[in-house]
Each structure stands twice: as C-alpha cells, then as structure tokens.
Amino acid sequence: MANGTIAFDTLSTSGQITGTAKSVDTDYVVNGSAKMVINYDQIADVVRSSLNVSTVSDNSTGDFTINFATSFNDINYSPSSSSLAYATSDRIGNFVGIRVTSGSTPNARSVGLFTGSLRINSGYAASASGAGSEADADANCVQTFGDLA
C-alpha cells in the first residue's frame, strides 16, 4: 500500500469536517488499527461483537478457534487478549492465549497462529488450593494487529 496522508480539519462521529486543517499519515491508520476484534461468550457460544470474523468454532472446554473473514498476509501478526475474571474466590487470575497443544511444542506459532484463523485457550490460573484448568469464559476479548492479505 502506498503511503499517503489523510487531511481533515475536525472529524466528528457524524462525518462532518470543520476547523483548522490537520493531517495524519495513513501509516498510523493502516498499521495502528486492529485487523480483527472479537468479544466472544464461549459459555453461550455467542459472538457479542466482532470485526473481520467469519465464524467461531467451539472446539472443547476452554478451546476455540476464531476464523477470519479476510486472512492475514502471514502468521507474523500480533494477537492480544483478555478475559472476564472467574468468580472462584481463591483464583489468582485467568488466562486467554494462543492454543499450544503440548508443553513440548517447539514453536507455538505452528499450532495456534494461522493466516485464516487463530486458536485460543481460556481458563483460570492455579491457586494455593488447586491446579489451574481450561474453562469456558463468558467474555473472551481478542484483537489482532498485522497485515491482511
């Protein structure tokens, strides 16, 4: 994509432009914008909100795959995620991350990151009274940044 400039005075949510002229390099807009966003309730299997998501596959407890409407150029995109904290009182945290099928997998990118999809794990962390475990969460929020194909 060629570099360019977006010129505007004041840009409002209604699309009106007013005021003194300003500009923004399009690299900030193109490279700084999320290319996929989802808020997914795995318990109810409902996508609350999304951008560039075609479907979500609920693989098993705490394991789901986000299928992109438009693929990424390669697997070097950058996912970021968060999840609603679990109600279990002694848990120190929860996790949402790229799915790795075993601890001996040498390269997580080969098992969770794909140009057309992203496989995710969710669950809760270990505590003094118990081990951590995969679990469905009702708010899995995932964003990815990178170049679309």
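The values are calculated or read from the model by the stated rules, or taken from the named source; none is laboratory data. As the structure is a computational prediction, the values presented were derived from the model and not from experiment. No Cβ is skipped: glycine too gets one built from the backbone with ideal geometry, and neighbour counts run over all protein chains shown. The accessibility values were calculated without ligands, DNA or RNA, using every heavy atom of the protein model including side chains. Shrake-Rupley method; radii C 1.70, N 1.55, O 1.52, S 1.80 Å.
Determine if segment 68-86 includes at least one residue that is modelled with pLDDT under 60 and not acidic (Asp, Glu). Checked against the condition, which is being modelled with pLDDT under 60 and not acidic (Asp, Glu), segment 68-86 yields at least one hit.
How many of the residues in segment 47-67 are assigned to a loop (DSSP other than H, G, I, E, B) and either at pLDDT 90 or above or open to solvent by less than 60 Å² (accessible area, probe 1.4 Å) (or both)?
So the count comes out to 2.
Looking at Ile92, Ile43, just one residue is open to solvent by 40 Å² or more (accessible area, probe 1.4 Å), in a loop (DSSP other than H, G, I, E, B), out of contact with any Leu (no Cβ under 8 Å at 6 or more places or on another chain) and modelled with pLDDT of 55 or more, and that residue is Ile43. Residue pairs whose Cβ atoms lie under 6 Å apart, sitting 6 or more positions apart in sequence or on different chains, and linking a residue in segment 134-149 that is open to solvent by 20 Å² or more (accessible area, probe 1.4 Å) to a partner that is among the acidic types (Asp, Glu), are Asp138/Asp41.
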